[in-house]
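J.: The following block contains the structure, expressed as structure tokens.
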Amino acid sequence: MAITEDAPPGAEAGPVDAPSGQEGRRLSSPLVLVLTLLLAVLAQSPIRGLLGTPLMQSWMTVFVAVTMQALPFLVLGVLLSAALAVFVPPSFFARALPRRPALAVPVAGVAGAILPGCECASVPVAGALVRRGVTPAAALAFLLSAPAINPIVLTATAVAFPRNPEMVLGRFAASLLVACVMGWLWQRLGRTDWLRPPAHGAHEGATKGEAFWNSVRHDTVHAGGFLVLGAMAAATLKAVAPAQWLRTAAANPLVAILALAVLAVLLSICSEADAFVAASLTQFSLTAKLVFLVVGPMIDLKLFAMQAGTFGRGFALRFAPATFAMAVAGAVVTGVVLL
């Protein structure tokens, strides 16, 4: 006690004040914004000159065109996806599906055609179905089909390909075929220890209104960010890549198909917007573009992360490569028949 009483009044002030001083020197978000705007004002002449070049004008034209065409479908898809996730109880699907797994798979696949939603929403919905006792094979068929063949996506595809209406039918047929085949494969070859059912839903504990707007905000930021990245990549590909390279890749059917399949995985564009990016790749054949449209909603980087987080990494490591191979094969077969 004596030591405490005799200690100078400010002896302990140093350690307490140090974090405050350090925190005061940290960059806050408003400060970063102000510094960014100040830098943009100071560098406006070089920026204006850069944006005035033919290369950047071409880049901006493609970027704005792809973004503006896709944005209305993205917003509508996000709103409907949130409504589906929040207001439609998962028990509805459990009651509507046949009890026999072999029949439940195609029914669940076709159900994706009438339920709007992007791939960001299909993963938690599929997880909820598994938690409610729906056979995993049917839940996985729904997971793959819903983002690819719902009305919003098919309408966006028709708008993006006005001169090729067969692309809508091709996308529907190939995506549904792949979803059903993957469901049946899981029913026959899948093991229960490969799939970890999710413990709880993403919106449990919140009111319906809170859950709806939380879902809208999350999906808008998430899907909108990937749309911007996809539009930037498409614009860069069109403006920077030598036309001869693109023509060479597009001229070889195998290279074109593999290139757009890998591109779909890397870009991770929301399914409501990917048709406009595919339509901008004018050098490639319709079959290669169909591969892009079938692969993207079924397996990409963000979907792999979401599947691993929802069903376990062991599941994702097995399911993702099989889905990729089946999606490429299904799209190619459909393209040969219909396009």
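The values are calculated or read from the model by the stated rules, or taken from the named source; none is laboratory data. Since the model is a prediction, treat every value here as computed from it, not as a measurement. Cβ coordinates were reconstructed from backbone atoms using ideal geometry, including for glycine residues, and neighbour counts include every protein chain displayed. Ligands, DNA and RNA are stripped out before the accessible areas are found, and what is left, the full protein with its side chains, is counted by its heavy atoms. Shrake-Rupley method; radii C 1.70, N 1.55, O 1.52, S 1.80 Å.
J.: If I model a spin label at residue 301 and residue 131 as a point 7 Å from the Cα along the Cα→Cβ vector, what separation in nanometres do I get?
T.: Roughly 2.9 nm, to one decimal.
J.: Probe 1.4 Å, all protein chains in place: accessible area of residue 289 in Å², nearest 10?
T.: 20 Å²
J.: Same structure, new question: Rank these residues by their accessible area, most exposed first, probe 1.4 Å: 213, 186.
T.: 213, 186
J.: Which cross-chain or sequence-distant (5 or more) residues have an amide H under 5 Å from the amide H of residue 270, H modelled 1.01 Å from N in plane?
T.: 227
J.: On to the next question. Between residue 329 and residue 100, how many nm apart are label points set 7 Å from Cα along the C-beta direction?
T.: Computed distance between label sites residue 329 and residue 100 equals 2.5 nm.
J.: Okay, next question. At a Förster distance of 22 Å, what's the computed FRET efficiency of residue 88 paired with residue 218, Cβ-Cβ distance as r, to 0.05?
T.: 0.80
J.: Next question, about the same structure. Using only the Cα atoms, work out Rg/Rh for the range 230-275, with Rh taken as the Kirkwood radius, to two decimals.
T.: Here Rg/Rh amounts to 0.98.
J.: Something else about it: Can you compute the modelled spin-label distance between residue 75 and residue 53, with each label point 7 Å from Cα toward Cβ, in nm?
T.: It is 3.4 nm.
J.: Which value, in Å² rounded to 10, gives the accessible area of residue 212 with a 1.4 Å probe and all protein chains present?
T.: About 30 Å², rounded to the nearest 10.
J.: Same structure, new question: Based on the Cβ-Cβ distance of residue 254 and residue 228, what FRET efficiency does E = 1/(1 + (r/R0)^6) give at R0 = 30 Å, to the nearest 0.05?
T.: The pair residue 254/residue 228 has a calculated efficiency of 0.45.
J.: To the nearest 10 square angstrom, what accessible area does residue 182 show with a 1.4 Å probe?
T.: 10 Å²
J.: A further question on this structure: Distances longer than 15 Å among the Cα atoms of the range 154-196: what percent of all pairs is that?
T.: The proportion of pairs with Cα distances above 15 Å equals 56 percent.
J.: Ordered by packing density, taken as the mean number of other Cβ atoms within 10 Å over each peptide's residues, highest first, how do 53-59, 171-177, 137-143 rank?
T.: 137-143, 171-177, 53-59
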